[in-house]
1. Among (1) within 15 Å of the chain's Cα centre (by Cα); (2) at pLDDT 95 or above, where does ASN20 come up short?
2. Report, by residue number, each residue of the range 17-36 that is open to solvent by less than 60 Å² (accessible area, probe 1.4 Å) and either on the phi > 0 side of the Ramachandran plot or of a type in the set (Gly, Ala, Ser) (or both).
3. Specify the residue that is modelled with the lowest pLDDT; the eligible residues are those in the range 37-74 that are β-branched (Val, Ile, Thr) and open to solvent by 30 Å² or more (accessible area, probe 1.4 Å).
4. Within the range 96-128, can you find the residues that are at pLDDT 70 or above and open to solvent by 50 Å² or more (accessible area, probe 1.4 Å)?
Amino acid sequence: FLRSRLQKSGNSTHLRFHSNIRYHLLTPMPSAEFVPQSLIIGFELEAHAKDGERPVIHPSEEIIMVQSGELDVIIGTERIHLMEGDSTLIRSNLPHIVENTTDKQMTGISVFTPAIWFPSIRRAEQNG
């Protein structure tokens, strides 16, 4: 019986879907013995960049915390400005985009609960 799973610093899985953002999975990947019920991802977003042109939608709640720099979280017409140390919670299935409008790269952490393993993420349909 596996009681815990260690994820060593420097051994995280790195993902890049867009050239402007890098993801680091801080939660161990699912295995035959263990499927984590929460997902923690570190991310870096370049200056003057978004995580995509269309909003992302997923069935999990997401908590975003800014570690360094600043970040805007856009949900519909609402723009939430986060500074270093700030966090926000995005309810499940709400289309959203994150954007760095500053001249410096920013870093942050996202926590998804329940965990989403990437096939569960989709982009909102493009209008018009």
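The values are calculated or read from the model by the stated rules, or taken from the named source; none is laboratory data. Because the structure is a prediction, the values reported are computed rather than measured. Protein only, heavy atoms only, side chains kept; ligands, DNA and RNA dropped before computing areas. Shrake-Rupley method; radii C 1.70, N 1.55, O 1.52, S 1.80 Å.
1. (2)
2. Hit for the range 17-36 is SER31, nothing else.
3. My answer is ILE40.
4. Listed by number, the residues that qualify are THR101, ASP103, LYS104, GLN105, THR113, PRO114, TRP117.
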